[in-house]
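Asks: Provided herewith is a single structure, encoded as structure tokens, for subsequent inquiry.
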Amino acid sequence: MEPLFYSIILVGSVIFIVTAVKAITAYLLPKKDVGLCLVTIIPISGSSDNVEYTVRKLLWNNSWGKCTGQHILLVLINADEETYKICEKLCEEYQSVTLCKSCDLESVISSATFCSAEKV
């Protein structure tokens, strides 16, 4: 029983030390601004029940990443009314989320207004 207990303590200690070193270095070292504007295009068609989960997951993952400018572009392709309302609410809640129709996609990408606020 003792070897198992010591093994668990050893593994836990190593995980704690690695996490502590990572947190300290992230705090002390300056963040490197690479000046990128990452655009994720999500096509939405029909009834997309998981669109809110997908957008929130992408934003949460980016909060832990090193990219300074992530923008999510929701492209509606024959989406139903409920999905459209969900997308509108997400755009209101997060300024880095934009909603457009498939016919407007080319003009939205070519204008690149969502990257103008970022350092490109």
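Asks: State the number of residues belonging to region 35-54 that are over 19 Å from Asn78 (Cβ atoms) and among the hydrophobic types (A, V, I, L, M, F, W, C).
Replies: Result for region 35-54: 4.
Asks: Looking at (1) within 24 Å of the chain's Cα centre (by Cα); (2) at pLDDT 85 or above; (3) assigned by TED's automatic domain parsing to the domain that holds Cys100, can you tell me which one Glu81 breaks?
Replies: (1)
Asks: Is region 66-73 home to any residue that is hydrophobic (A, V, I, L, M, F, W, C) and at pLDDT below 85?
Replies: Within region 66-73 (the criterion being hydrophobic (A, V, I, L, M, F, W, C) and at pLDDT below 85), the answer is yes, since at least one residue qualifies.
The values are calculated or read from the model by the stated rules, or taken from the named source; none is laboratory data. What you see is a predicted model; the values in this text were computed from it and never measured. Cβ coordinates were reconstructed from backbone atoms using ideal geometry, including for glycine residues, and neighbour counts include every protein chain displayed.
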